[in-house]
Protein chains: 2
Amino acid sequence: MDSSTEEKIYDAARRIFILKGMEGARMQEIADEAGMNKALLHYYFRSKENLFKAVFKDIFAKFFSRVKGTLNSDITAKEKLMVFIDNYIDLIAANPYVPQFIINEINRDPKVLKSMMLESGAEPQMILSMFLNEIQSNNASKIDPRHIVVSLLGMLIFPFAGRPLLQMIYFNDDAQAYNQFLMERKIIVKNMILKFIEG
Amino acid sequence: MDSSTEEKIYDAARRIFILKGMEGARMQEIADEAGMNKALLHYYFRSKENLFKAVFKDIFAKFFSRVKGTLNSDITAKEKLMVFIDNYIDLIAANPYVPQFIINEINRDPKVLKSMMLESGAEPQMILSMFLNEIQSNNASKIDPRHIVVSLLGMLIFPFAGRPLLQMIYFNDDAQAYNQFLMERKIIVKNMILKFIEG
DNA sequence: GAATAGATTAACTAAATGGTTAAAAAAAAT
DNA sequence: ATTTTTTTTAACCATTTAGTTAATCTATTC
């Protein structure tokens, strides 16, 4: 790999921070992961806090604005929601530690979240609930879309965050079987949400 | 409070560990919280690891075997499930940081989980899925009960774990409104699960 | 090709942290 | 009352950790 030193540091920090969190990560470990002297991390990023913020901002933005991508197509709102569920499970499967990492760091220091919301403009978060509102528009018994969003995200994220627990209890610690289970969830979650929205 | 020194340490450790996790917690902080000298923690519990295990074991057992309580009554399986949902939301509301704490610690060191499962006997975890199996028994299109368990737990836990995020985005940081939202979820989650089980 | 600026390293510092110890204080036993 | 045991404390120790520094190495400029 011929990426620049700064990129190497950034990538190494990303891996370590996601795995161990801001407090659990060690600057020396990041330096080792990047294959260089620890002083270089400070040379390029000045402090651990700085390095962490740079990494966290990107990770958060990527995971949070994922909805946008599915928006720009000619399918119906309901179909868009189905595509979103498929894509989001794939996204988490490719980054299984990220959602828990985000939740932990926001709980640890909610101030970071505030500044990020302001920077990115406060709208993108509302997209999903607007979606659901549109789908429900012809329905008589409208449910607060926030309940649906929270239920949906819970159903998507929990099987990844609780994996060690669930895999041991319900799958006899068979990782292969659990992976299959995770992919099955695409259909399950879509069914559940549809049934609930359409009454 | 006239509880013994050992109890004071235990209670203080419980509070701090839940809030900061095993690695984030400081022995000095626990000593301060308990109002005594740090050396006493070692006098009574020998090491941080020991103290943590004592605390974690109890917390885990309490949260995990909560199902048993709702079992011993004369209502139908479906009704029992509804009672479970109500009780579990109340339990988490009274201990909002606990589920995330458990998930984090199990991810950090899955070995602890294994030893605990063996100690407590491996059955209690299966109860909930047996429940669901019974409810579905008269239904044509049976769904793997594990999918329902995971969906249910995700819907119950996520609104608490993701609170800072969700409250800010969807509730304009109004804690009061979010508390109401959490209690509304009792009805919402029950409805969702019922609709899904009954087809 | 010497001078200059930027990149990299090894060695160091100061603060924090889990754990220890020896002595003092309190309680129990004689 | 005095000894003995248990509980509690202040001071200390060894290790870890984020961050610094001065020196070296490397590339660029003149």
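Compactness ratio of the range A:1-56: Cα Rg over 2.2 N^0.38 Å, N = residue count?
Cα-based Rg divided by the globular estimate yields 0.97.
In degrees from 0 to 90, rounded to the nearest 10, what is the angle of the helix A:48-64 Cα long axis to the longest principal axis of chain A?
Taking Cα atoms only, the helix is inclined about 20 degrees.
Please go through the residue pairs B:K142/B:K186; A:K8/A:K53; A:K80/A:K190 and name each one whose alpha carbons sit more than 18 Å apart in this structure.
Details: B:K142/B:K186 24 Å; A:K8/A:K53 16 Å; A:K80/A:K190 11 Å.
Over 18 Å apart, Cα to Cα: B:K142/B:K186.
Can you sort B:D109, A:D74 so the residue with the fewest Cβ neighbours within 10 Å comes first? If you can, show how the numbers build up before the last one.
Working: B:D109 13, A:D74 6.
Taking fewest neighbouring Cβ atoms as first place, the list is A:D74, B:D109.
For A:K53, go 7 angstrom from Cα along the Cα-to-Cβ vector, then report the distances to that same point in the other copies in nm, smallest first.
Nearest to farthest, the other copies are at 4.1 nm.
Any of B:K78/B:K114; B:K68/B:K111; A:K111/A:K195; A:K57/B:K48 with alpha carbons more than 29 Å apart? Name them for me.
On the way: B:K78/B:K114 31 Å; B:K68/B:K111 25 Å; A:K111/A:K195 38 Å; A:K57/B:K48 34 Å.
The answer is B:K78/B:K114; A:K111/A:K195; A:K57/B:K48.
May I ask you to evaluate 6.51 cos²θ - 1.76 cosθ + 1.60, the Karplus curve with θ = phi - 60°, for each residue of the range B:172-188 and list the ³J(HN,Hα) values in order in whole Hz, giving x for glycine and proline?
Each residue's phi maps through the Karplus curve to give 6, 6, 8, 4, 4, 4, 5, 4, 4, 3, 4, 6, 4, 5, 3, 5, 4 Hz.
Just subtract the alpha-carbon distance of A:Y43 and A:M130 from 0.36 nm times their residue separation and send over the number in nm, one decimal. Let's see the in-between values first.
Working: separation 87, 0.36 × 87 = 31.32 nm, distance 4.48 nm.
Once the chain is fully extended between A:Y43 and A:M130, it gains 26.8 nm.
On average over all directions, what projected area in square nanometres does the protein assembly as shown have, based on the convex hull of its Cα atoms?
Details: hull surface 94.1 nm².
The number I arrive at for the protein assembly as shown is 23.5 nm².
Dipole magnitude of the range B:1-58 about its Cα centre, charges +1 at Lys/Arg Cβ and -1 at Asp/Glu Cβ only, in debye to the nearest 20?
220 debye
Using θ = phi - 60° and the Karplus relation 6.51 cos²θ - 1.76 cosθ + 1.60, list the HN-Hα couplings for the range A:10-18 in order, rounded to whole Hz, with x at every Gly or Pro.
Each residue of the range A:10-18 in turn: 4, 5, 4, 4, 4, 4, 5, 4, 4 Hz.
What is the residue of chain B with the smallest Cβ distance to the axis taking B onto A, and what is that distance in whole Å?
Chain B residue with minimal Cβ-axis distance: B:G154, 2.
Please compute the average number of Cβ atoms from other chains found within 10 Å of each residue's Cβ in peptide A:167-179. Show your work: numbers first, answer last.
Values: counts 1, 7, 11, 10, 1, 1, 2, 0, 0, 0, 0, 1, 0.
So the per-residue partner count for this stretch is 3.
Can you grab the distance from the C-alpha centre of the range B:46-66 to the C-alpha centre of the range B:153-177, Å, no decimals?
Each part reduced to its Cα centre gives a spacing of 27 Å.
List the aspartates and glutamates whose alpha-carbon lies under 19 Å from that of A:K62, not counting same-chain residues fewer than 8 positions away?
A:E7, A:D11, A:D86, A:D90, A:E105, A:E119, A:E123
Averaged over all directions, how much area does the convex hull of the C-alpha atoms of the range B:37-192 cover when projected, in nm²?
Details: hull surface 49.2 nm².
Convex hull of Cα atoms, orientation-averaged projection: 12.3 nm².
FYI, it's all coordinate maths here, none of it is from the lab. None of the values given here were measured: they were computed from a predicted structure. With ideal geometry, Cβ positions are generated from the backbone for all residues, glycine too; neighbour counts draw on all protein chains shown.
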